[in-house]
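*Asks:* I have a structure I would like to understand better, so I am pasting it below and will then ask my questions one at a time.
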């Protein structure tokens, strides 16, 4: 059985108008993850192959499909209102999250993160 292709420059909806497909491709998250507080397991993800607990409040996530370069945007938030999250380092196949409490001390937290940019 041969596989086909769908080629389209514009998506059109009967009542909502149309949208250039480059906005769909460029505006979509290329990876996301929600992880438990201890950094030991992923509860929901897309394009994430593994999670490593690399220290208190530090989690390193490995991508299934690499980013084109390390200049992508990473966003992160905590499931705990008393913690602040950040994407601490970027590489094409991994990124690291760090969380700290309102006093600035490193603390484990439920993490939620996403990446925006181009896949390799």
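*Asks:* Within region 46-66, track down each residue that is in a strand (DSSP E or B), buried (at least 17 other Cβ atoms within 10 Å of the Cβ) and under 11 Å from the mean Cα position of the chain (by Cα).
*Replies:* Listed by number, the residues that qualify are 48, 61, 63.
*Asks:* Still on this structure: Name every residue in region 3-45 that is loosely packed, with under 13 Cβ neighbours inside 10 Å and either touching a helix residue (DSSP H, G or I) at 6+ places or on another chain (Cβ under 8 Å) or in a strand (DSSP E or B) (or both), in order of residue number.
*Replies:* Matches in region 3-45: 8, 9, 10, 12, 13, 17, 18, 20, 43, 44.
The rows are residues; the columns are (1) touching a residue at least 24 places away in the same chain (Cβ under 8 Å); (2) part of a strand (DSSP E or B); (3) closer than 15 Å to residue 52 by Cα.
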{"position": "80", "(1), (2), (3)": "yes, no, no"}
{"position": "84", "(1), (2), (3)": "no, yes, no"}
{"position": "88", "(1), (2), (3)": "yes, yes, yes"}
{"position": "96", "(1), (2), (3)": "yes, yes, yes"}
{"position": "100", "(1), (2), (3)": "yes, yes, no"}
{"position": "104", "(1), (2), (3)": "no, no, no"}
{"position": "109", "(1), (2), (3)": "yes, no, yes"}
{"position": "113", "(1), (2), (3)": "yes, yes, yes"}
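*Asks:* Same structure, new question: Restricted to region 91-101, and to residues that are farther than 18 Å from residue 118 by Cα and more than 12 Å from the chain's Cα centre (by Cα), which residue is surrounded by the fewest Cβ atoms within 10 Å (Cβ to Cβ)?
*Replies:* 101
*Asks:* Cβ-Cβ distance below 9 Å, separation of 6 or more or different chains: which pairs start in region 52-64 with a residue that is in contact (Cβ under 8 Å) with a residue 24 or more places away in the chain and on the phi > 0 side of the Ramachandran plot and end on one that is surrounded by fewer than 18 Cβ atoms within 10 Å (Cβ to Cβ) and part of a loop (DSSP other than H, G, I, E, B)?
*Replies:* Listed pairs, sorted by first residue: 57/105.
*Asks:* Also, quick follow-up: So which of 88, 80 is out of contact with any strand residue (DSSP E or B) (no Cβ under 7 Å at 6 or more places or on another chain), at pLDDT below 90 and surrounded by 16 or more Cβ atoms within 10 Å (Cβ to Cβ)?
*Replies:* After ruling out the rest, the residue left standing is 80.
*Asks:* Which of the residues that make up region 10-42 are at pLDDT 80 or above and over 30 Å from residue 96 (Cβ atoms)?
*Replies:* 15
The values are calculated or read from the model by the stated rules, or taken from the named source; none is laboratory data. This one's a predicted model, so the numbers in the text were calculated from it and none came from an experiment. Heads up, the Cβs are rebuilt from the backbone with ideal geometry, glycines too, and the neighbour counts pull from every protein chain shown.
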